[in-house]
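Any read-out appearing in this document is the output of simple, stated calculations on the displayed coordinates, not a laboratory observation. Owing to the predicted nature of the structure, the values given are computational and were not obtained by experimental measurement. Cβ placement follows ideal geometry from the backbone for every residue including glycine, while neighbour counts extend to all protein chains displayed.
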Amino acid sequence: MKMASMKTEADFEKAITKRDLWAANIRWLLTSQICWNYERMMSTGYLYTILPVLRKLYPNEDEQKQMMETHNQFFNTNPMMGGLILGIDMALEEKERIQGKEAVVGVKTGLMGPFAGVGDTIFGVILPTIFGSIAAYMGQQGNVAGVILWIIVNILVVGLRCVFLPVAYRQGSKLVNEFAGKLNALTDAAILLGVTVVGALIPTVITAKVSYVYKSGDVTLKMQDMLDQIMPALIPVLLVGLVYAMLGHKRMTSSKAIIIVMILGIILYNLKILGT
């Protein structure tokens, strides 16, 4: 019995090769959201990514169909973090085969939500906002390093995305136990970092000053100087707060908010209330 068990473990180790992991990485990178729809979201891309592995792990045609149907059910997460789920999935299926079907469904269902929150926060909001704003500001100053910075950041993100899947495959279910309680803390830390950086970038990226000057006899009072004594960059902060409040309404879109800010800026400029 021990010899048979050792043989089985060896078979598991040889089932999925580095080439399989690399091929899955390429497929997920290029087709993770292929045929994206509101009924099953990313299920088609997930199935297409893992399909070669399914054919290798399930030579029995009926078992292969069962797993294909399983992986074609609703699935939605952040594309960056999806590689982690794929790697864990492959490790589980390689070890348990068809007997691990329920465990695979549980892992996908349990991780896609938390991983989506982490991935959307870090890779969908924080990194583009921080490095995009810095790169844009450098570009406005005529510094070509801004473009280079943005290209380097995107290359690093794609490289990191390619690392996730093999790492998750090697660690397998350990990742679920080790990081399950740390996802919320990681998300909160990323949000705090993003809010801090965005807050610091507001006075740098947004330029809006009160051009109105109050005059009464020999008294001349520049409103902007008064506001600077109260809080520097108060107007840019209020504009960001206004846009944030508008985007909180269901019928408001980013395009509508931009148009409203443009109209408001034109009106206030012609009334000599705001300037640059």
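Here are a few things to note about the model shown:
- Checking the Cα-Cα distances for LYS18/LYS65; LYS222/LYS250; LYS222/LYS256; LYS101/LYS250; LYS65/LYS108 against a 28 Å cut-off, the pairs over it are LYS222/LYS250; LYS222/LYS256; LYS101/LYS250.
- Cβ-based charge dipole, the range 192-273, positive-most Cα from GLY241, ILE259, GLN224: ILE259
- Once the C-beta distance of LEU192 and ILE26 is scaled by a Förster radius of 30 Å, the resulting FRET efficiency is 0.30 to the nearest 0.05.
- Whole-Å semi-axes of the range 49-154's equivalent ellipsoid (Cα gyration tensor): 40, 14, 9
- Within the chain, longest stretch clear of exposed trypsin sites (Lys or Arg not before Pro) (DSSP loop, no more than 10 other Cβ within 10 Å): 1-249
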